[in-house]
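The values are calculated or read from the model by the stated rules, or taken from the named source; none is laboratory data. Here the structure is a predicted model, which is why all the values come from computation and not from measurement. So basically every Cβ, Gly included, is an ideal-geometry build from the backbone, and we count neighbours across all protein chains shown. Protein only, heavy atoms only, side chains kept; ligands, DNA and RNA dropped before computing areas. Shrake-Rupley method; radii C 1.70, N 1.55, O 1.52, S 1.80 Å.
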Amino acid sequence: MKQQWSQAQAQGWYQQQGWLCGFNYLPSSAVNWTDIWQQETFDAPTIERELGWAADVGYNSLRINLPFIVWEHDRDGLIARIHRFLNIADNHGFRTMLTLMDDCGFSGDEPYLGPQKAPVPGKHNSQAAASPGRAKVCNRDDWPLIERYVRDIVREFRCDKRVLLWDLYNEPGNRGIFATGTVEVQYDAKLEDYAHELMQRAFEWVRDEDPEQPLTVCAWRLPAETENEQFWQHPLDQTALALSDVVSFHAYTHTARMVAIIHQLQQLGRPIFCTEWLARHVGSTIEEQLPLMHAANVAPYQWGLVRGKTQTWLPWPVVMTNSPDYCRLWFHDVFEENGIPFSKAEMTLVGKLSQIGLHPTR
């Protein structure tokens, strides 16, 4: 089996990429990942239009999740649509990070095919669907089919220059369910143990397929702030950082804390990808943190592009409850549905930093 990339191999690869400035992408017409990828709701015209807006302001990479359930029932169709998506993205100058699994089932439903439920008014990411789904993660009898899915997708795209990076598992062990726009509850705690083991298996399966692209899984748990913090102490986060070729993390937090997080991760000696950030209500802003990540050679992928059915311009329940004025700002996202930026200054900054390119290594 192929081994983890060395630090030197990972850094050499990263230097060849230029500065990557990206976003997590769901078309504004899709309420979740199942919606994007089903044949009936794959919306190429919207994807073409929205990626055009993003390319015009200077973005050059994106991250997108894939749905196990669509592969399970329409394997050939899904593969064809991934190729079509990658062509659209590539034509606009984007390198794409593909995410294979995801525990963020905030709707509380297991994934299902067919028409997806409409967005719940006032509720952030109200129909978020996991992949393969929390019940399958917690049932080892389903793992052989999950292994077939992971290997099949990687085998198809393992030498594809349009694919930048494999993100094997988004937020493994995330138990959150948004019960209402202001209330969050938690899925069964056993999810964490199963997800930890499944993540380790996924690294083995994908390395066995020997892709040309590097592998990562994010560290994502940021507990309540304390003095003299050491980040990423949860066992799942520790394992993700230890096994990844390039390290990735999620941080929706204020800038001083983001500086400390980046400094800690730099000690690992590997390229750093911030694969989720931007939460204006808590001080995670483009004006402050995009220049920081550029200067630190971190590749940023903010959450969201165009305001749409996911309703991620609305804050998470805990933020909405505690915010004195949650309507004034968008939480995530940067474009209106008509292509006008939420903030022209933000998009000017994206363009300026992307033109400068990768900051020289010091």
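Annotations for the structure displayed:
- Exactly one residue out of P341, P300 is farther than 30 Å from Q264 by Cβ and out of contact with any Ser or Thr (no Cβ under 7 Å at 6 or more places or on another chain), and it is P341.
- Among the residues here, T96 qualifies as among the β-branched types (V, I, T), touching a Leu at 6+ places or on another chain (Cβ under 9 Å), modelled with pLDDT of 95 or more and surrounded by 16 or more Cβ atoms within 10 Å (Cβ to Cβ).
- Condition check for D141 on (1) more than 21 Å from the chain's Cα centre (by Cα); (2) open to solvent by less than 30 Å² (accessible area, probe 1.4 Å); (3) among the charged types (D, E, K, R): one failure, at (2).
- Only a single item in (1) touching a residue at least 24 places away in the same chain (Cβ under 8 Å); (2) more than 21 Å from H332 (Cβ to Cβ); (3) polar (S, T, N, Q); (4) out of contact with any strand residue (DSSP E or B) (no Cβ under 7 Å at 6 or more places or on another chain) is not met by T255, and it is number (2).
- Residues in region 15-33 that are closer than 25 Å to E346 by Cβ and either open to solvent by 10 Å² or more (accessible area, probe 1.4 Å) or not in a loop (DSSP other than H, G, I, E, B) (or both): 8 in all.
- Residue in region 304-315 that is farther than 29 Å from E227 by Cα, modelled with pLDDT of 95 or more, among the basic types (K, R) and open to solvent by 10 Å² or more (accessible area, probe 1.4 Å) present: yes
- Taken together, the residues in region 247-285 that are of a type in the set (S, T, N, Q) and either farther than 23 Å from S343 by Cβ or in a loop (DSSP other than H, G, I, E, B) (or both) amount to 6.
- When V217, V246 are checked against the criterion of being over 25 Å from N125 (Cα atoms) and buried (at least 16 other Cβ atoms within 10 Å of the Cβ), V246 stands alone in meeting it.
- Selection from region 123-138 of residues that are surrounded by fewer than 18 Cβ atoms within 10 Å (Cβ to Cβ) and in contact with a Phe, Trp or Tyr (Cβ under 8 Å, 6 or more places away or on another chain): C138
- Residue within region 213-221 that is in contact with a Lys or Arg (Cβ under 9 Å, 6 or more places away or on another chain), modelled with pLDDT of 95 or more and not acidic (D, E) present: yes
- The sole residue among V150, V120 that is part of a helix (DSSP H, G or I) and surrounded by 15 or more Cβ atoms within 10 Å (Cβ to Cβ) is V150.
- Residue in region 224-246 that is modelled with the lowest pLDDT, counting only those that are in a loop (DSSP other than H, G, I, E, B) and hydroxyl-bearing (S, T, Y): T226
- Filtering region 41-54 to residues that are open to solvent by 30 Å² or more (accessible area, probe 1.4 Å), touching a residue at least 12 places away in the same chain (Cβ under 8 Å) and assigned to a helix (DSSP H, G or I) leaves T41, E48, R49, W53.
A quick yes/no check of all residues on (1) among the hydroxyl-bearing types (S, T, Y); (2) farther than 23 Å from T99 by Cα; (3) buried (at least 17 other Cβ atoms within 10 Å of the Cβ):
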position	(1), (2), (3)
T285	yes, yes, yes
D325	no, yes, no
L329	no, yes, no
H332	no, no, yes
I340	no, yes, no
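- Of all residues in region 98-151 being touching a Pro at 6+ places or on another chain (Cβ under 9 Å) and hydroxyl-bearing (S, T, Y), the one that is nearest to R307 (Cα to Cα): S126
- Condition check for I36: on the phi < 0 side of the Ramachandran plot and open to solvent by less than 10 Å² (accessible area, probe 1.4 Å): yes
- Condition check for I69: open to solvent by less than 20 Å² (accessible area, probe 1.4 Å) and part of a helix (DSSP H, G or I): no
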